[in-house]
Each structure stands twice: as structure tokens, then as C-alpha cells.
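The numbers here are math on the coordinates, done by the rules we state, and not lab data. As the structure is a prediction and not an experimental result, all values here were calculated from the model. Cβ: placed from backbone, ideal geometry, glycine included. Neighbour counts: every protein chain shown.
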């Protein structure tokens, strides 16, 4: 199973092939765990994120536009689930000593404007660049090997591709197309 492409495993899993499911879980579970743990989640919370991420794949398995990119889809979904878990935990107990202190409303407005600008610029760059930059931003502790596995690209291409994607993003933020 290790020599089969992710796309083929996803197609087979969508047809109910239990062996293909086991191969997908074996291929991507370490990555999903690393993403969840990079958010500072406890072991139990990271396990919940992983389980929810796999559930989301089950729910959408036959709807994936590009089954070969299921690794990237799983990574982005794990990132989103990790952030949702952090939001939920933040409502349950205050986080101490995280982030810069806000000294006035102008900081809040500037932060929102900046986030909106970056979000809009991200929507205009190629999806592969967006996936790569989102993985780097959301999971800074991921190794190049883990990112390579998630995006199914050679490890040696991760750094140069990141540089090109950041150039795309800078151009969009500067108003160039």
C-alpha cells in the first residue's frame, strides 16, 4: 500500500476498502498529530482534533475535487480544527501571557485591517501556494519533511516554493498583480 498514490487510496477508501483506509491513516496520522500539537494542545485535545479531522474526511471523501491532494486537505482541516479547539478552550479558561497586549482601539482596528488584507491577498494566489503558506503559518513547528508529505512535494522543493509563494503574496499585498 505504501507505493500507492494518495489519490488511489482515497478512491479505494471511498469505495469502502478498509485496507486503503488503514494506509491513509498510517500515512497521515503523524502529520495530523504534529499539527495539533504545534498549537500547544494537550494529548487528549490533539487526539480529538485528529479524530475530528478523519471524520471530516469520511464525510467529504467522495466530494474531494482532487483526491491526490487529500494530504494537503487533511493538513488544512487539522489546522482549522486545532484553531477551533483553541477558541473553545479560550472560552472555557483564559489564556495567560499569550500574544501582544493591546493598548487601544487603534491596535484592534489595525490588526483587523491587516488580517483582512492578508486574507484577501491569500485568496488571489495559487491554491498550492495558499496551502503551503497556511501550513507554515499555522504550524511553525512542522518539519519540511512533514510539509512535504502533506503537500506531496519533494522535500527539497519546500523552501524554494515557499520563497516563490511569499513573493506572490508580497506582490498582491503591494497591489501588483
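Tabulated values for the structure
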item	result
Fewest-first sequence of 174, 45 by Cβ atoms within 10 Å of each Cβ	174, 45
Cα convex hull volume per residue for region 20-89 (Å³)	80
Least to most buried among 59, 134 (fewest other Cβ within 10 Å first)	59, 134
Sorted by Cβ density within 10 Å, fewest first, the residues 63, 173	63, 173
Spin-label zone in region 19-56 - amide nitrogen under 16 Å from a point set 7 Å from the Cα of residue 141 along the C-beta vector	30-50
